[in-house]
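Here the structure comes first, spelled out in structure tokens, and everything after it is commentary.
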Amino acid sequence: MGGRGAMMDRGFVSYEYRSVGTIEGVKVLEYATKGKAPNLPFASNTPGTSYILKNGGDFKMLRMYNDNRFPAMEIEYGTHRGRKSLHVHYWEGGNRKTRDFTGEDKKKYGKILKAAGYKF
């Protein structure tokens, strides 16, 4: 994330975010422009970083970036298989894949998700 909250997205278009704190050392962001569908940028300016996205104070997404600044994995709360649920997106061979959130994920990420406002 740049000093003024700008991040680069796919196609290198700048979007504005505001930092609203940290949770477990992970920066929490909100989309700065109202009326737009919030999402984290496809690329990060900082290799190997993670961000949490909140929308109106509600947990939306935790995204972890790899050393090449592109997403490695994200945990998202949104519509998956026709219902609102917590699910995981990950990238394999350049392709985005989706799977259900598991008990193993809850063990690994549950503490940070709860701190971010997700209610199990």
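Here are a few things to note about the model shown:
- Subset tally (residues that are surrounded by fewer than 16 Cβ atoms within 10 Å (Cβ to Cβ), among the basic types (Lys, Arg) and at pLDDT 65 or above) for the stretch 4-45: 2
One line per residue, one yes/no per condition, for (1) touching a His at 6+ places or on another chain (Cβ under 8 Å); (2) crowded, with 17+ Cβ neighbours inside 10 Å; (3) charged (D, E, K, R):
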position: GLY78; (1), (2), (3): yes, no, no
position: HIS87; (1), (2), (3): yes, yes, no
position: GLU92; (1), (2), (3): no, no, yes
position: TYR109; (1), (2), (3): no, yes, no
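- The condition of being under 17 Å from ILE23 (Cβ atoms) and either assigned to a helix (DSSP H, G or I) or touching a residue at least 60 places away in the same chain (Cβ under 8 Å) (or both) does not hold for LYS119.
- Of all residues in the stretch 65-93, those satisfying the criterion of being assigned to a loop (DSSP other than H, G, I, E, B) and either in contact with a helix residue (DSSP H, G or I) (Cβ under 9 Å, 6 or more places away or on another chain) or within 19 Å of ASN39 (Cβ to Cβ) (or both) are ASN66, ARG69, PHE70.
The values are calculated or read from the model by the stated rules, or taken from the named source; none is laboratory data. A quick note: this is a predicted structure, and the numbers were derived from the prediction, not measured. Methodologically, a virtual Cβ is constructed for each residue, glycine included, from the backbone with ideal geometry; neighbour enumeration extends over all protein chains shown.
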